[in-house]
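The values are calculated or read from the model by the stated rules, or taken from the named source; none is laboratory data. Given the structure is predicted, the values throughout are model-derived calculations rather than measurements. In this analysis, Cβ positions are derived from the backbone assuming ideal geometry, glycine residues included, and neighbour counts consider all displayed protein chains.
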Amino acid sequence: ASPMIEMNDGHRIPQLGLGVWQDDDAQAAACVRCALQEGYRLIDTASAYGNEAGVGQGVRESGLPRSDVFVTTKIWNDAQGYQEAQDALHASLERLGLDYVDLLLIHWPIPSLDKYVETWRALIHLREQGLARSIGVSNFRGDELQRLFLETHQLPAVNQIELHPWLQQGELRTANGVLGVRTQAWSPLGQGKALTDPDIGRLAAKHGREPAQIILRWHVQQGVLVIPKSSNPDRIRSNARIFDFALDDEDMSALAQLDRGERVGPDPDTFGA
Ligand code: A2P
């Protein structure tokens, strides 16, 4: 269902995944089962979401082989540090009931803490041990990616950032691209807020599609990876039906006009300070 995209470490990642932020364990298990049934092959969780056990349960209950499912989790802010981050992944694996994750991210840089480089060194070690197949970051700026490279000679495979029609992140997407870091969009629908935009409604009517499908198609057509969150089976299904139509140049320029630098989440520069 979802195309696979090659990362800078040679591994491949599904372009579409399911986000499970704000689901409890039981909801996460049900949504994961539903999504895997509907052709999703990537599940994006985090230790901070408190639902890793539910995610692991859903993956097992799907009956799919472990190798067919791509699981992402993240190191929370209070677990930054060389030893702390390693302990945190071991605890995440325990909760997930898995012996590796496909992708491990540093959830936020927390520049004021200044521990993200040593945390990154821990992720490099965990990758060497095979406990994380690929490693990356979330909410990092271009200069923070460069610092990781200067100090460790290793670049993240992915930078997962807030990205939707109201916050198009042109500069940061370019920085990721220049470094060969894949951009993955969190809150790709702007937490659902961008769905009511009249221009998106117009494009939805033009293509006979849902507004969410228009936005998700806009992302994937630019090579961005997406992890829309839904706890509703119909919307989980509909959000995956984005690979059987295309937006034209005019549609893409109309969507480019919607950028207004408006975040739905925290500013990474100050979050956690
Ligand atoms: P729900 O879980 O009830 O479906 P984002 O991924 O940008 O953070 O957006 C998630 C929000 O958007 C959730 O509130 C989710 O609600 C809602 N949502 C997800 N998919 C759709 C859809 N296809 N149509 C309408 N709302 C959606």
Next on the checklist: Looking only at segment 200-239, filter to residues that are more than 8 Å from the ligand (Cβ to nearest atom) and among the β-branched types (Val, Ile, Thr); which one of those is nearest to residue 29 (Cα to Cα)?
Outcome noted: 226
Next on the checklist: Going residue by residue through segment 168-185, is there one that turns out to be more than 27 Å from residue 149 (Cα to Cα) and within 11 Å of the ligand (Cβ to nearest atom)?
Outcome noted: no
Item to check | Hits in segment 22-61 (condition: surrounded by fewer than 18 Cβ atoms within 10 Å (Cβ to Cβ) and part of a loop (DSSP other than H, G, I, E, B)) | outcome: 22, 24, 38, 39, 50
Next on the checklist: If I ask for residues that are touching a residue at least 12 places away in the same chain (Cβ under 8 Å) and under 18 Å from residue 159 (Cβ atoms), which ones from segment 1-12 would you list?
Outcome noted: 5, 7, 8, 9, 11
Item to check | Pair list, Cβ under 7 Å, 6 or more apart: segment 206-229 residue more than 16 Å from residue 195 (Cα to Cα), other residue within 14 Å of the ligand (Cβ to nearest atom) and modelled with pLDDT of 95 or more | outcome: 220/226; 220/242; 224/163; 224/185; 225/184; 225/185
Checklist entry - Can you name every residue in segment 236-256 that is surrounded by fewer than 16 Cβ atoms within 10 Å (Cβ to Cβ), free of Cβ contacts under 8 Å to residues at least 40 places away in the same chain and over 16 Å from residue 170 (Cα atoms)? => result 244, 245, 246, 248, 249, 250
Checklist entry - Within the bounds of segment 257-267, is there any residue that is within 13 Å of the ligand (Cβ to nearest atom) and either basic (Lys, Arg) or assigned to a helix (DSSP H, G or I) (or both)? => result yes
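Select, from 22, 15, the only residue that is of a type in the set (S, T, N, Q), in contact with a helix residue (DSSP H, G or I) (Cβ under 7 Å, 6 or more places away or on another chain) and in contact (Cβ under 8 Å) with a residue 12 or more places away in the chain. Step through it out loud before you land on a result.
Details: 22 fails: in contact with a helix residue (DSSP H, G or I) (Cβ under 7 Å, 6 or more places away or on another chain).
Just one listed residue meets the conditions, 15.
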